[in-house]
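The values are calculated or read from the model by the stated rules, or taken from the named source; none is laboratory data. All of these numbers come straight from a predicted model, not from anything done at the bench. Here Cβ is always computed from backbone atoms with ideal geometry, including for glycine, and neighbour counts include all displayed protein chains.
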Amino acid sequence: MVFSFPENQQLIVDGRGNHFSLKSNLIITHAHSDHFGTLPFANPTFATRETIDLFYSQMKSSVRRNFIPTAFHEELTFQPEIAGLQAEFLPSGHILGSASVFLKYHDKTILCSGDIGGRGLLTVKEPLEVKHTDILVVEATFGKPELTFQSREEIALAILKWSAEVIKDKQNVILSAGKIGSAQELIKLFNDFTKLRVITHGDVTPPSEIYRKYGVPLEFFDSKSEEGRELIRDGEVVIIQSRSKKIVPFYLKEHKNFKSAIVTGMASRFNFKDFDAAFPLSSHASYREILEYVDAVAPDVVFTLYGFEKQLAKAISRELGIPAQSLKGNSLEQNRLYAAQSKEKLTDLHTKTPRVSPAMDVSLPSSPATVRVKKDQTLDDFFKEKE
Ligand SMILES: [Zn+2]
């Protein structure tokens, strides 16, 4: 998302694409790769310390990004300064270090939610913070009514029960989950409620170590460590690997005494036939939780992005009576606001993070003091009036 200011200055919050200028200040809200994509390394980039460490834990190269570590509620100091703009991070309760971005431009406020978490997450130290704003840009990963899950407690219980059955049959459990967020939720779940040994495989280990560094107590053994190998040989362990990995890891090919499950919010909507089971545990807020968040933030106007934007915008207008519009695929240049269409589609759900990342350009209205939207106005009416 690109905010344009006078004198060709830009502020980019997350994103992909190549529409940034050398003068752009960047913000990375959290360490999921679909949020930093191809953002350039040289520009000043604001992120929390946790996000920076998680970012580097995924990097194969030693190239350093021009990060400026920034704590929650600390004011961001843009380089160069952007006249009239103040910004701070708020906890977004999604994964370790994840942030929403609260912007104040003259007397108008914009809250970019970033990805937000829901209730019952075990590894989130700072819960989602709600702050009133004039304009809210909210994520829509599960912004569809069908994507309302059971409670996290119920899903967690189902995972534990299924795993207990597998272990009772003298087999190993393999869980494929998002490597940052869901994987650590699973480690904590088994640590807290069972005596089973947890093995982390491949790219799940480095971020799990970062969680530990920031005080989230996780007990696990890497699959390549001596202890890890021994535990796998002895059997009856829980192996947690990234969703992008092959279903059968190399070290289990010979003995096949395992059952595997996929853990993703999309399991509430899709069948995953390559797995023995599927559980809709996610570090994202569910549809219902997103609506509750928007209601609590009580903005004058909402823009939706990432995921089911159109459906969520409709639901926000209908259920909450707040004017809302998707930023995906709309061309509203006349209103100095437009969105470029995303090329990504929901494909290959178990090997790829199922989301879209539109490159979006939002220019701030020149007279912020006049921005007020009536409840029964549509966004088009609103902007037409302003023209
Ligand atoms: Zn995320």
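Would it be correct to say that Leu122 is away from the ligand (no atom under 16 Å from the Cβ), more than 25 Å from Ser225 (Cα to Cα) and part of a strand (DSSP E or B)?
Values: away from the ligand (no atom under 16 Å from the Cβ): yes; more than 25 Å from Ser225 (Cα to Cα): yes; part of a strand (DSSP E or B): no.
Here the answer is no, as Leu122 does not meet what is asked.
Taking region 189-208, which residues are in contact (Cβ under 8 Å) with a residue 60 or more places away in the chain, surrounded by 15 or more Cβ atoms within 10 Å (Cβ to Cβ) and over 19 Å from the mean Cα position of the chain (by Cα)?
Pass one, region 189-208, residues in contact (Cβ under 8 Å) with a residue 60 or more places away in the chain: 189, 192, 203, 206-207.
Okay, now just the ones that are also surrounded by 15 or more Cβ atoms within 10 Å (Cβ to Cβ), so 189, 203, 206-207.
Result: Leu189, single match.
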Query - Sole exception among (1) without any contact (Cβ under 8 Å) to a residue 24 or more places away in the chain; (2) farther than 24 Å from Val13 by Cβ for Trp162, by number - result: (1)
Report task. Exactly one condition in (1) on the phi > 0 side of the Ramachandran plot; (2) surrounded by 15 or more Cβ atoms within 10 Å (Cβ to Cβ) is not met by Gly235; state its number. Result -> (2)
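Just a yes or no: is a residue in region 169-182 assigned to a helix (DSSP H, G or I), within 13 Å of the ligand (Cβ to nearest atom), buried (at least 17 other Cβ atoms within 10 Å of the Cβ) and not assigned by TED's automatic domain parsing to the domain that holds Asp300?
Restricting attention to region 169-182, the residues satisfying the condition of being assigned to a helix (DSSP H, G or I) are 182.
With within 13 Å of the ligand (Cβ to nearest atom) added as a condition, the list becomes 182.
Now restrict to residues that are buried (at least 17 other Cβ atoms within 10 Å of the Cβ): 182.
Cutting the leftovers down to not assigned by TED's automatic domain parsing to the domain that holds Asp300 gives us 182.
Yes, the conditions are met somewhere in region 169-182.
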Query - Lone unmet requirement of (1) more than 27 Å from Phe149 (Cβ to Cβ); (2) within 16 Å of the ligand (Cβ to nearest atom); (3) not in a loop (DSSP other than H, G, I, E, B) for Leu39 - result: (3)
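Among helices (runs of 4 or more DSSP H) lying entirely in region 208-327, which contain 2 or more residues that are farther than 25 Å from Glu154 by Cβ? Full working, then the answer.
On the way: elements: 226-234, 287-297, 309-315.
Those helices (runs of 4 or more DSSP H) span 226-234, 309-315.
Considering each of Phe78, Phe67, Phe72 in turn, give the residue that is aromatic (Phe, Trp, Tyr) and without any contact (Cβ under 8 Å) to a residue 24 or more places away in the chain.
Details: Phe78 fails: without any contact (Cβ under 8 Å) to a residue 24 or more places away in the chain; Phe72 fails: without any contact (Cβ under 8 Å) to a residue 24 or more places away in the chain.
Exactly one of Phe78, Phe67, Phe72 is aromatic (Phe, Trp, Tyr) and without any contact (Cβ under 8 Å) to a residue 24 or more places away in the chain, namely Phe67.
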Report task. Determine which member of the set Asp115, Asp134, Asp107 is away from the ligand (no atom under 13 Å from the Cβ) and either buried (at least 19 other Cβ atoms within 10 Å of the Cβ) or closer than 24 Å to Lys310 by Cβ (or both). Result -> Asp134
